[in-house]
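Working notes, structure below.
The values are calculated or read from the model by the stated rules, or taken from the named source; none is laboratory data. Just so we're clear, the structure is a prediction, and the values are computed from it rather than from any experiment. For neighbour counting, all protein chains shown are included, and Cβ atoms are generated from backbone atoms with ideal geometry for every residue, glycine included. Remember, those area values only see protein heavy atoms, side chains included, never the ligands or the DNA or RNA. Shrake-Rupley method; radii C 1.70, N 1.55, O 1.52, S 1.80 Å.
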4 protein chains.
Amino acid sequence: MSALPRIGRLAAGPRGTIADVAGVGVGHATIKAGDLQTGVTVVRPHAGDPFMHKVPAAAIVINGFGKSAGLMQLNELGVLETPIALTTTLSVGTMVMAQVRTAIAAHPGLARTTTTVNPLVFECNDGYLNDAQALAVTEAHYGEALAAAAPEFARGAVGAGRGMSCFGLKGGIGTASRVTHGKPGGWTVGVLVLANFGRLETLTLAGRNIGPLLAARLAARTQSVAAQRDQGSIIVVLATDAPLDHRQLRRVATRAGAGIGRTGSYYGHGSGDIALAFSTAATVAHDAPQQVRDVRVLIETELDPLFEAAAEATEQAIVDALFAAETVTGFAGHTRYALTDLAPDWAELNR
Amino acid sequence: MSALPRIGRLAAGPRGTIADVAGVGVGHATIKAGDLQTGVTVVRPHAGDPFMHKVPAAAIVINGFGKSAGLMQLNELGVLETPIALTTTLSVGTMVMAQVRTAIAAHPGLARTTTTVNPLVFECNDGYLNDAQALAVTEAHYGEALAAAAPEFARGAVGAGRGMSCFGLKGGIGTASRVTHGKPGGWTVGVLVLANFGRLETLTLAGRNIGPLLAARLAARTQSVAAQRDQGSIIVVLATDAPLDHRQLRRVATRAGAGIGRTGSYYGHGSGDIALAFSTAATVAHDAPQQVRDVRVLIETELDPLFEAAAEATEQAIVDALFAAETVTGFAGHTRYALTDLAPDWAELNR
Amino acid sequence: MSALPRIGRLAAGPRGTIADVAGVGVGHATIKAGDLQTGVTVVRPHAGDPFMHKVPAAAIVINGFGKSAGLMQLNELGVLETPIALTTTLSVGTMVMAQVRTAIAAHPGLARTTTTVNPLVFECNDGYLNDAQALAVTEAHYGEALAAAAPEFARGAVGAGRGMSCFGLKGGIGTASRVTHGKPGGWTVGVLVLANFGRLETLTLAGRNIGPLLAARLAARTQSVAAQRDQGSIIVVLATDAPLDHRQLRRVATRAGAGIGRTGSYYGHGSGDIALAFSTAATVAHDAPQQVRDVRVLIETELDPLFEAAAEATEQAIVDALFAAETVTGFAGHTRYALTDLAPDWAELNR
Amino acid sequence: MSALPRIGRLAAGPRGTIADVAGVGVGHATIKAGDLQTGVTVVRPHAGDPFMHKVPAAAIVINGFGKSAGLMQLNELGVLETPIALTTTLSVGTMVMAQVRTAIAAHPGLARTTTTVNPLVFECNDGYLNDAQALAVTEAHYGEALAAAAPEFARGAVGAGRGMSCFGLKGGIGTASRVTHGKPGGWTVGVLVLANFGRLETLTLAGRNIGPLLAARLAARTQSVAAQRDQGSIIVVLATDAPLDHRQLRRVATRAGAGIGRTGSYYGHGSGDIALAFSTAATVAHDAPQQVRDVRVLIETELDPLFEAAAEATEQAIVDALFAAETVTGFAGHTRYALTDLAPDWAELNR
């Protein structure tokens, strides 16, 4: 991976992925068959059952042109209680039902002796490369992605990222991590993005606006490639092992906006730009035996390193999505070229 | 309808329903078969295609313990672009997919040459009377309810209201309208509620806390009725013919909270208390031919009568849901008694 | 106080005031001199220095027609770091400067070696009874009110309440408390309101719309009394000894809206309806010696009794403000009659 | 100005300042006397009286560690009704009172026959260069700055910017403009910033992280310069002549976050990062003679060029603040060096 630009000042964790936050796993179900180029990605906050052991979480909306499910209750109660599913826009309902059926299977008392479940589903629109109207994603794909969830996982044109476009190039799944300075061990912030946003002219890598250069190369390659407006959405999932409550996680999630902006995006009108942050430091029991619970939280002035890490890791994860992508031809013969098909590596681009 | 309390000071429209706002239609699909007591209700903002002719809208969350779909984009863009579907909690995903398939059928360019669609689905949890885990609601029920949408419609234990409980009694669909004073013709505010909230002890009708009286009568009738905590949710849909923009509609929707509070609710922890307001005064074209559009909006100081109407009509619609309900026995033999089974009419209760 | 209606089901604390939450003190500085009928009220969250020992807090805006200071930072950081000052609208800036000078005097490092301070000031508009343009409130009045802060305090037409109107009658400071059921000792919720809102026709006491009756009596008394629109604002300060974090306190504050609605208000256009809740269960140190802190918080399902208490105590405090008021004649000879001048007691009104 | 980096792709207006939006004026009152290095800057939305002719406006909070006044009512009613005052943190109350007295003088009916006024005041903390505790800013400085408001105005270490620090260097007032493409004439977005944020190590100009280089030069110059954490706040005021309503202006203001992020900021914990956008396309009358008003608004899909302009102009205005600054020595002998004291021009830095 030395071929991609290194963002910022902070050190990455050992894997350089969201799974540097212990317990976090990612799995994909990928559909690649002619006009169908789509899929599902699942982020599991920990190896246990998140319904019984919820994690503190918060989500923020930078631009709300999107159809995500589950954010309202997550922000009211401050917890995430399912794995996070990412998919194509028109399949959000299918993922919601998949999460419902999974929860029913695991919890016979669901909606009877206990509450219902709050499915958390994010989406981007892959309608350029994928025949979105075919609704190819099924509930089984959720199960497949969830079963595959592990600390080691693929990135690029896989899972929900299969049909995604980013800055007029091939986008998809990207990931990165950062470790904060100056503390024994430091805290880890891991990020996974579903990157499907941006206009090529504005693409900026490590501060360098290389969009026009790539646009020229792309034009030389093909006349038939449709431009991408700054729309299509980006989903940013941030995990941390720092002990943060809902309000603090909201503050961390807000910093994703700085990372997105640095890549050249201005949060386009048609883009659903959303960030969710969760903490694995402790869980909240579904059935609490006591009236009160003891929580450890970071003091507020210690948040700055986490904020810097969140911004850096978001930018790095977007870069990762672009460099991990492969060229894909899909619906109606549409093609999105991988950045690495237009440039051998970052060193060449950065000359 | 003389048997139910008359709320507030303002006059009702001719129908006394949300359909006093011209163009608004409501339809139901009802499932009543033993353990299955559930359904779908659809509110259509106008007789045309809301995707092509969107209506200005805004939603507010009083308590976010709920799984509604579509609120984020509605508040970002300020418009509603589908009929509003109401159903049981675990079937939100099914309704989302039904709206997606309906939109695909009507718009071949969806997610291809134009945007995707933002399904708007509300829910309450009917898991006491209905076998929620059976997931009895299908996409076909959405079509059935939509096809049935008309200015004349049933209320009570129908559609999405079939399995709902309210203040430990039978709840469901209620509706009311108010016409503002002092203007030539006045503006109309129509409300439809899906009422599934409240604890019996706190039930207050027209200011009178008759909950304890009804609780005593209920206890005499049966020992087996489960108490209801102030949870289960209330959805308030407000329509108006006043020319309001998104910000003003958000202000109107906020007033639903006053109406809910007057019935004795304190917005219980487990309740998804949400209000959506839309205006039928003008529509926003999906494909606008021009760069700008001319809009007529009410001046701000004219909003007070609409606020009063919104609070009154919300309270009246909740009362209507209680008085329109019938006793229902459903899942596991659970029964919710209609208020009118415990009291012949309001006059008797209000003695 | 047996002469005023008793709201709701929950028991009051021993004082029946916000000071039933241990440590909370209230003080007034009152100006009553002809055209000048105004003042300052201070609520002190505890007897210590709130800058060094901040309390968890959250504020919500029901209707934002108001000029309060300090809410943005309070909601970002989740803490209150000054006493709460209440005053007349045009004097907010004076109170801000009074809090700044008080903080400078107490903390030589302010804005030098440590942060600045976030003054928390609420206001309502007393321009009917008070010559608001005279700007009679000075910084010294803040000091006077703060010095007077104690668990025993006056209510009615005192302090910031001196010139306030409520439902076309004399309004001002009211207070109440509720203790939750079923726990050893229970939690206490105390409320103080600055009540300056509402239209007489809609006034509803203990569920009874006695506004029209009082309007008739008022008309018989005088032809010169100006009607009050539902504007002028209500500020609700809620204190609790329950261990709640910022998110939970936001949820508690939201329930003030139910209490306000029950008195007949529909959150009028011109009203600044704002609620702030704080917890005295623990404080947050300004200079934290460690990186993390241990916090005890209530589990979420235990919140319902606090929500019910918040709604009830808010309604009771408004009733208290009306019954504690005395008739005041002020600016330009304007008079607001006390409710108790129009009715001997609640029993007579409630006949 | 060829010596500073040119940001982005869009063209600037003729002045390259916020005053490219016709009618907008800016004025300063500057205090520079030893320990006192502070002042006031006023942005006037148009040459008339904004109380009588309000402008549509919206504000967003990126990070709420700040004490600004007036945002709540601005977002409730969607209009700005005073000039915008910017100053040092501890003087917000003084500016509020100055705006109140100005409004009283101009409107004898204020708080009597009409409403009160909603002062709009922003602040940053200049406590490093300025003796903030001296409270040197008086109400007269507001009048001086307002009287000086004009389309031509100084930037850099003037007015509210006098004592501000930015990325450990001298900050202050910066401004820029952008004109959108492809329309007859295009729309103009003008930005003025009060820049007082950022850590030197992260400073990024036109995508280039030149912070470490400047840090080395700064260290060679002096050992006594205190580092700046990413705190201290940035205020972004955006003006446009595009016809936008409150909701759309909120969307425009949100894009300031992208511009701030591109300069290397991660929205530090201690920073009040706030953006306000207003439109001069039409005004809203204080006393409306009619019940409705006709408004022209941009259709939503036309917003993208404005979003891009907002992000670019924000970044450019921050750059402008840094390059327009001069080295200032103030409180306790503290010095902040101007960027141009450490580098002759951008070309040299960008080698």
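Worth a mention:
- Using alpha-carbon coordinates, inclination of helix A:211-221 to the longest axis of chain A, degrees: 60
- Assuming charge only on the beta carbon of Lys and Arg (+1) and of Asp and Glu (-1), the dipole of chain A about its Cα centre is about 360 debye to the nearest 20.
- Ranked by the mean number of other Cβ atoms within 10 Å of their residues, highest first, the peptides C:265-277, B:109-121 fall in the order C:265-277, B:109-121.
- Shape call, the range D:12-116: gyration tensor on alpha carbons, a/c limit 1.5: rounded
- Shielding by partners, peptide D:103-111 (average Cβ within 10 angstrom, other chains): 3
- Chain A: angle of helix A:139-148 to the longest principal axis, Cα-based, in degrees nearest 10: 80
- Electrostatic bookkeeping for residue B:171 treats Lys and Arg as +1 and Asp and Glu as -1; over the other residues with beta carbon under 12 Å from its beta carbon, the sum is +1.
- Charge dipole (Cα centre; +1 on Lys/Arg Cβ, -1 on Asp/Glu Cβ; no other charges) of the protein assembly as shown amounts to roughly 0 debye.
- Other copies of residue C:14: label-to-label distances in nm, shortest first, labels 7 Å along the beta-carbon direction: 5.9, 6.5, 7.6
- Projecting label points 7 angstrom from Cα along Cα→Cβ for residue B:350 and residue D:52 puts them 5.1 nm apart.
- Shown is the FRET efficiency for residue A:296 and residue A:11, computed with R0 = 22 Å from the Cβ-Cβ distance and rounded to the nearest 0.05: 0.35.
- For chain A, adding -39500 (n - 2.57) for each run of n ≥ 4 DSSP H residues and dividing by the number of residues yields -7500 deg cm²/dmol at 222 nm.
- Mean separation of Cα contacts under 8 Å (6+ apart) over length of the range A:213-335, as relative contact order %: 34
- Net charge contributed by nearby residues that have their C-beta within less than 10 Å of residue B:211 (K/R +1, D/E -1): +2
- Anisotropy class of the protein assembly as shown from Cα gyration tensor, a/c 1.5 cut: oblate
- Span from the the range C:283-351 Cα centroid across to the the range A:305-321 one, whole angstrom: 46
- Calculated label separations, residue A:222, copies of the chain, 7 Å along the beta-carbon direction, nm: 5.7, 6.4, 8.0
- Structural descriptor for the range C:1-106: relative contact order 23 percent, calculated from alpha carbon pairs under 8 angstrom and at least 6 residues apart.
- Distance violations [Cα-Cα > 18 Å] among B:32/B:67; A:67/B:67; B:32/B:170; C:67/C:170; C:67/D:67; D:32/D:170: B:32/B:67; C:67/C:170
- Between residue A:62 and A:273, A:274, A:275, the built amide H atoms are under 5 Å apart, and every one of these is 5 or more places off in sequence or on another chain.
- Average beta-carbon neighbours from other chains, 10 Å sphere, peptide A:287-296: 5
- Residue order by solvent-accessible surface for B:32, D:170 is B:32, D:170, largest first, with ligands and nucleic acids left out and a 1.4 Å probe.
- Take every pair of alpha-carbon atoms less than 8 Å apart whose residues are at least six positions apart; their mean separation over the length of chain D yields a relative contact order of 26 percent.
- Inter-site label distance for residue A:287 and residue A:106 at 7 Å from Cα along Cβ, in nm: 1.6
- Teacher prompt: residue A:181 distances to equivalent labels in other copies, 7 Å Cα→Cβ, nm: 3.9, 5.7, 6.7
- The GluC sites (Glu not before Pro) of the range C:113-210 that meet both conditions, a loop assignment by DSSP and at most 15 other Cβ atoms within 10 Å of the site Cβ, are C:152.
- Residue-averaged beta-carbon neighbours from other chains (10 angstrom radius) around B:117-124: 2
- Taking a sphere under 15 Å around the Cβ of residue A:25 and counting the other residues whose Cβ falls inside, with K and R at +1 and D and E at -1, yields a net charge of -2.
- Residue and distance (whole Å) for the chain A Cβ nearest the axis that superposes A on C: A:295, 2
- Computed from Cα atoms, the angle from the helix D:304-324 axis to the main principal axis of chain D rounds to 50 degrees.
- Rounded if a/c under 1.5, otherwise prolate or oblate - the range D:282-337, Cα gyration tensor axes: oblate
- Charge-dipole axis of the range C:1-103 as Lys and Arg at +1 and Asp and Glu at -1 on Cβ define it, positive-most pick from C:72, C:60, C:36: C:36
- Among A:263, A:23, A:237 - extreme Cα towards positive end, dipole of chain A, charges at beta-carbon: A:263
- Dipole axis of the range A:304-343 (+1 Lys, Arg; -1 Asp, Glu on Cβ), positive-most option in A:306, A:332, A:343: A:332
- Between the range A:96-152 and the range C:39-111, the Cα center-to-center distance that results, in Å: 46
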